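Participant: Dropping the structure in here first, questions after.
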């Protein structure tokens, strides 16, 4: 599957906000957005043109894609599922993205970034309801139990991540048992559970054209 391999900080600067793509580094003075609060590129500091409605919609879609670490084809598939589901399309879209297994690890503080969470999943250290799952896009359901098993090195890394991420806290729709590195999906995520400044209606308008 295709993935972005360029500099993560460049993406944050393009969206002019912290997307927390590099874990704990984003909370320090080394954060690129804090040091250079303007878009990347030769003319980044000189960009002042007001975005059109299409530009605003496109930027919102790009921002959400980058927050969750998905590519265009995959994101479009999520939107297709959301548009055919009951409920408000934008909210269902965000719920589908929140339910991704790599995002669940991030919300449980098992990883400091979505990239690291995907790596942990790919290495086969994550079990859902007692079965190993190595697919980052796996969608969890209410009642699912997610736990870290395997090598002590992985468990040590996860415990370190939890300590580094303690200020971020666990998502309210998840319950953490830190002693055994286990998390339970107590319910499906609500729109209010997502704290990032996302205007999902702009994405719906973009794809509805």
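Participant: Dividing the alpha-carbon radius of gyration of the range 101-188 by 2.2 N^0.38 Å (N being the number of residues), what value is obtained?
Facilitator: 0.94
Participant: Please report how far the C-alpha centroid of the range 72-124 lies from that of the range 138-191, rounded to the nearest whole angstrom.
Facilitator: 15
Participant: With an 8 Å cut-off on Cα pairs and a minimum separation of 6 or more residues, tell me the relative contact order of the range 119-161 in percent.
Facilitator: It rounds to 36 percent for the range 119-161.
Participant: Give me the number: length gained by fully extending residue 208 to residue 77, i.e. 0.36 nm times residue separation minus the C-alpha to C-alpha distance, one decimal in nm.
Facilitator: Length gained between residue 208 and residue 77: 45.8 nm.
No lab work stands behind these numbers, since they all come straight from the coordinates. Since the model is a prediction, treat every value here as computed from it, not as a measurement.
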